[in-house]
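Novice: Quick one: the structure is below, and I'll ask about it shortly.
Coordinate-derived values only; no laboratory data. For clarity, every value in this text was computed on a predicted model and none was experimentally measured. Counting neighbours? That spans all protein chains shown, and the Cβs are built from the backbone with ideal geometry, glycine included.
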Amino acid sequence: MSIAENIQEVRTRIAAAAQAAGRDPREITLCGASKMNDAAACREAVAAGIDVLGENRVQELLAKYDQHAYDGAPLHFIGHLQRNKVRQIVGKVDLIQSVGSLELLDEIEKCAEKNNLRQDILLEVNIGGEESKSGFAPGELEAAGQAAAQREHLRVLGLMTIPPVEAAPGENVPYFEKVRSLYVDMNTKMFHNGFKYLSMGMSGDFEEAVRAGATMVRVGTAIFGARDYTQKK
Ligand SMILES: *Cc1c(COP(=O)(O)O)cnc(C)c1O
């Protein structure tokens, strides 16, 4: 199957899940998670009408950016972001989805101010309480939202989450539902219904995420095929 056919197939599945939940499929943005796939693969996805491409690593993003991998589609950063790399992507990406600490908020604000722009972000929620993952704990989210709302060069457009890797299908549904409820709460109480993106769901569980209310899914393998981890970076 080609990338274009895979995108079509993923869209069909998104539409079915949305309809089953009484939702309009057009509410859901498809983000192609293109890590470890080359610029040509990204361009193929753009030509096939992917809504957005999302990258995980700053070095890879910059290299592919210079090869015009993302021309014609918005570009998001979705991976773990180190503070010392923030300045390399602020203003270059349309949305930083993975903002999971106050230090990162401050650094993005600083770089955005310096460049005289406003950076759109999502707050990442560590919903499984996993040590190994970044993101705000649910109990820290309100303070994070307040901190972000005070920073003039940031605009919070919603929440993103990566739930624990579960053994059986369906096990992430409670996590998705929890994040959805945090999203609704914050959006109404703090952000004047300005939120756009509830980013959750990947190749293995995007339909569950859609049924639980995701407005953006991040899909890699089901679009680009299995990643080859034996290759050098
Ligand atoms: C790689 C990645 C995805 C997509 O994962 P697949 O299982 O390949 O669909 C989604 N979100 C993030 C943050 C990722 O790093």
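Novice: Quick check on the chain: helices-only [θ] at 222 nm, where DSSP H runs of length 4 and up contribute -39,500 (n - 2.57) each and the sum goes over total residues. Nearest 500, please. Mind showing how you got there, number by number?
Specialist: Details: 9 runs with 90 residues, N = 233.
Calculated from helices alone, the mean residue ellipticity at 222 nm is -11500 deg cm²/dmol.
Novice: Okay, next question. Once phi is turned into ³J(HN,Hα) by the Karplus curve 6.51 cos²θ - 1.76 cosθ + 1.60 with θ = phi - 60°, what whole-Hz value does each residue of segment 210-219 show in order, with x for glycine and proline?
Specialist: In residue order, the calculated couplings are 4, 4, 8, x, 4, 10, 9, 10, 10, 10 Hz.
Novice: For 68, 192, 80, what ranking results if the residue with the fewest other Cβ atoms within 10 Å of its Cβ goes first?
Specialist: Details: 68 12, 192 9, 80 15.
Fewest-to-most Cβ neighbours within 10 Å comes out as 192, 68, 80.
Novice: If you don't mind, another one. Hey, if you drop one equal point scatterer on each alpha-carbon of segment 100-193 and run the Debye formula without solvent, what base-10 log of I(q)/I(0) do you get at q = 0.13, 0.18, 0.20 Å⁻¹?
Specialist: Calculated log10 I(q)/I(0) at the listed q: -0.46, -0.80, -0.94.
Novice: Give the relative contact order (percent, whole number) for the chain; include only Cα pairs under 8 Å separated by 6+ residues. Intermediate values should be presented prior to the final figure.
Specialist: Values: 433 pairs, mean separation 46.5, N = 233.
Computed value for the chain: 20 percent relative contact order.
Novice: Determine the alpha carbon to alpha carbon distance for each of 64/133; 92/178; 35/85; 110/178 and list only those over 20 Å.
Specialist: Working: 64/133 26 Å; 92/178 32 Å; 35/85 17 Å; 110/178 32 Å.
In this structure, 64/133; 92/178; 110/178 exceed 20 Å between Cα atoms.
Novice: Report the gain in length on full extension from residue 92 to residue 152: 0.36 nm times residue separation, minus Cα-Cα distance, nm rounded to one decimal. Before the final figure, lay out the partial values.
Specialist: Numbers: separation 60, 0.36 × 60 = 21.60 nm, distance 1.82 nm.
Gain on stretching residue 92 to residue 152: 19.8 nm.
Novice: Turning to a different aspect of this structure: Per residue of segment 74-85, in order, report the coupling 6.51 cos²θ - 1.76 cosθ + 1.60 (Karplus, θ = phi - 60°) as ³J(HN,Hα) in whole Hz, putting x for Gly and Pro.
Specialist: x, 10, 10, 9, 10, x, 5, 10, 7, 4, 6, 10
Novice: Let me ask another. To one decimal place, what orientation-averaged projected area in nm² is obtained for the convex hull of the Cα set of segment 1-127? Kindly include the intermediate steps, with their values, before the conclusion.
Specialist: Numbers: hull surface 35.3 nm².
Taking the Cα atoms of segment 1-127, their convex hull projects to 8.8 nm² on average.
Novice: Would you mind computing, in nm to one decimal, how far apart the modelled labels at residue 166 and residue 24 are, each placed 7 Å from Cα along Cα→Cβ?
Specialist: Modelled inter-label distance: 2.9 nm.
Novice: Would you work out the Kirkwood radius for the chain? I mean one over the mean of 1/r across all pairs of different Cα atoms, in Å.
Specialist: Numbers: mean 1/r = 0.0560 Å⁻¹.
For the chain, inverting the mean 1/r across all distinct Cα pairs yields 17.9 Å.
Novice: Which distance in Å, rounded to a whole number, links the C-alpha centroids of segment 1-56 and segment 77-125?
Specialist: 24
Novice: Further question on the same structure: For each of 123, 102, count neighbouring Cβ atoms within 10 Å of the residue's Cβ, then give the residues from fewest to most. Walk me through the numbers before you get to the answer.
Specialist: On the way: 123 28, 102 14.
In increasing order of surrounding Cβ atoms, one gets 102, 123.
Novice: Right, next: Quick check on packing: order 113-121, 20-28 by the mean number of other C-beta atoms within 10 Å, highest mean leading. Let's see the in-between values first.
Specialist: On the way: 113-121: 16.2, 20-28: 13.1.
With the highest mean Cβ count within 10 Å placed first, the list reads 113-121, 20-28.
Novice: Taking the Cα centre of the chain as the origin, how large is its charge dipole in debye, to the nearest 20, when only Lys and Arg (+1) and Asp and Glu (-1) carry charge on their Cβ atoms? Don't skip to the end; give the middle numbers.
Specialist: Values: 27 positive and 32 negative charges, 87 e Å.
Here the size comes out at about 420 debye.
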